[in-house]
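The values are calculated or read from the model by the stated rules, or taken from the named source; none is laboratory data. Since we're looking at a predicted model, the values are computed, not measured. Don't worry about glycine lacking a Cβ; one is built from the backbone with ideal geometry, like all the others, and counts go over all protein chains shown.
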Amino acid sequence: MADTTTKPYNIKEKNEKNALYRTLIRAELADELHDKILSLIVIEKRYRNKDFSAKELARELNTNTRYISAVINSRFKTNFSSLVNEYRIKEALHYMTDKRYNHLTIEAIGTAVGFANRQSFYASFYRIMNETPNSYRKRNAPAKQPSL
């Protein structure tokens, strides 16, 4: 019998693929690309750019998207979009729990961390956190400073 329950935000199950090119990349090149990908995505926070793509990353690293995909799949155990969205959500969690950002709306936080629109932010947030940004923020909002 088929599962008739629907998932919020149209979330689909992840399909595992075994592409041959993923096993053909040299280990030294994979190590080098891994370090460069980490540098660009994590240290330089390129994920904040809503237009950041695997194609742009490959161009910056003077390689191709197949190698980028192979390294991200083998070393990070995910795909490009999921990797970028994980870092976006981590930063969004920071914004939602830091009292300095209480004035920002959920949509403003999504935009600040690199999501192109509200729907993609909510869908990614729900996929990773298993709750909506609003419910997370309500549960984890920092206490407001008392007025003097």
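Taking helices (runs of 4 or more DSSP H) as the structural unit, those lying wholly within region 36-148 and holding at least 3 residues that are closer than 30 Å to R26 by Cβ and within 18 Å of the chain's Cα centre (by Cα) correspond to 54-60, 65-75, 80-97. Considering the conditions (1) surrounded by fewer than 17 Cβ atoms within 10 Å (Cβ to Cβ); (2) of a type in the set (V, I, T); (3) modelled with pLDDT of 95 or more, T5 is excluded by exactly one of them, (3).
Could you tell me how many of the residues in region 124-136 are surrounded by 17 or more Cβ atoms within 10 Å (Cβ to Cβ) and more than 21 Å from K99 (Cα to Cα)? Total satisfying the criteria: 3.
Of the residues making up region 19-35, those that are at pLDDT 55 or above and either part of a helix (DSSP H, G or I) or among the polar types (S, T, N, Q) (or both) are T23, L24, A27, E28, L29, A30, D31, E32, L33, H34, D35.
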